[in-house]
1. Give, in nm to one decimal, the length gained when the segment between Ser113 and Val5 is fully stretched (0.36 nm per residue of separation minus the Cα-Cα distance).
2. With a ≥ b ≥ c the root eigenvalues of the C-alpha gyration tensor of the stretch 8-85, is it rounded (a/c under 1.5), prolate (a/b larger than b/c) or oblate?
3. Once fully extended, how much extra length lies between Glu161 and Glu132, figured as 0.36 nm per residue of separation less the alpha-carbon to alpha-carbon distance?
4. Just how many pairs of Lys in the stretch 146-208 have C-alpha atoms closer than 19 Å, counting pairs that are eight or more places apart or on different chains?
5. Do the sum for the chain: with -39,500 (n - 2.57) for every DSSP H run of n ≥ 4, divided by all residues, what is the mean residue ellipticity at 222 nm, to the nearest 500 deg cm²/dmol?
6. List Ser113, Ser118, Ser36 from most exposed to least, where exposure is judged by having the fewest other Cβ atoms within 10 Å.
7. How big is the chain on each of its three principal axes, counting only the C-alpha atoms and giving the largest first in Å?
8. Under a Cβ-only charge scheme (Lys and Arg +1, Asp and Glu -1), can you give me the dipole magnitude of the chain about the Cα centre, in debye to the nearest 20?
Amino acid sequence: MTDRVVTKIMLIEDHEEIRNGIEFILKNEPSFHCQSYKNAELALDDFANYRPGVVLMDINLPGQNGIEATSWIKANFPEVQIMMCTVYEDSEKIFGALKAGASGYLLKRYAASTLLDSIREMLQGGAPMSTEIARKVVNSFQQEDPQNRDQEYKLTKRESEILDLLAKGYRNKDIADRLFLSANTIRTHIYNIYEKLHVQTRIEAINKTGRNQYRVG
């Protein structure tokens, strides 16, 4: 009979009720050992002593936030797997956490049903994410940088600048005033943009270069 491998899990969560709930789930799984902390400072002070294999990290913590703590852990213990367990699903928090080194991103409302499987997936090399989070990550890669298309069509820096302003709803006169150029010069630039893109309207130019995410007036 082989000994069961037990994974040490560090839970960093400031909300006591949520912390107790997650800890209860983990402590009922024989292959996991959980130690919880109410803030990042306490957890990081004890990190070298406890040496977890997995960290479950909240983002909105008192003092040092979860993204900052994630960055510190990955810099000092790069082998540790970190999964954000949070209510935040805005792109800034998601990509901030992933760039800091998180391997997973789980929304708290799904923690009770998916937490254990998500941890196992991460330990096996996966990157578990709640469905909404995965969709946002995929969408971000599908939105091509307009600058790449500008280079493809050989737009000049000035033409790209003017096209950005057109996409944001500025009219020719407004663009001329902002760039300290004459209205005739702006019209010439726009004509050249249309020629290079093989389009006839501002909307076509905006869509063709991927600027349709901007507000169009």
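1. On the way: separation 108, 0.36 × 108 = 38.88 nm, distance 2.28 nm.
Stretched fully, the Ser113-Val5 segment lengthens by 36.6 nm.
2. Working: a/c = 1.82, a/b = 1.17, b/c = 1.56.
Oblate, since a/c reaches 1.5 and b/c is not below a/b.
3. Numbers: separation 29, 0.36 × 29 = 10.44 nm, distance 3.35 nm.
7.1 nm is the gain from fully extending Glu161 to Glu132.
4. Numbers: Lys154/Lys196; Lys154/Lys208; Lys157/Lys168; Lys157/Lys196; Lys157/Lys208; Lys168/Lys208; Lys196/Lys208.
Eligible lysine pairs with Cα atoms under 19 Å apart amount to 7.
5. Working: 12 runs with 116 residues, N = 217.
When only DSSP H runs of four or more count, the value is -15500 deg cm²/dmol.
6. On the way: Ser113 10, Ser118 23, Ser36 19.
If I rank by nearby Cβ atoms, fewest first, I get Ser113, Ser36, Ser118.
7. So the extents along the principal axes, rounded to whole Å, are 81, 37, 29.
8. Numbers: 28 positive and 30 negative charges, 208 e Å.
With only Lys, Arg, Asp and Glu charged at Cβ, the dipole is about 1000 debye.
Read the figures in this text as sums done on the coordinates, not as results from a lab. The shown structure was predicted, so the numbers you read here are calculated from the model rather than taken from an experiment. A quick note on method: Cβ atoms are made from the backbone with ideal geometry, for glycine too, and the neighbour counts reach across all protein chains shown.
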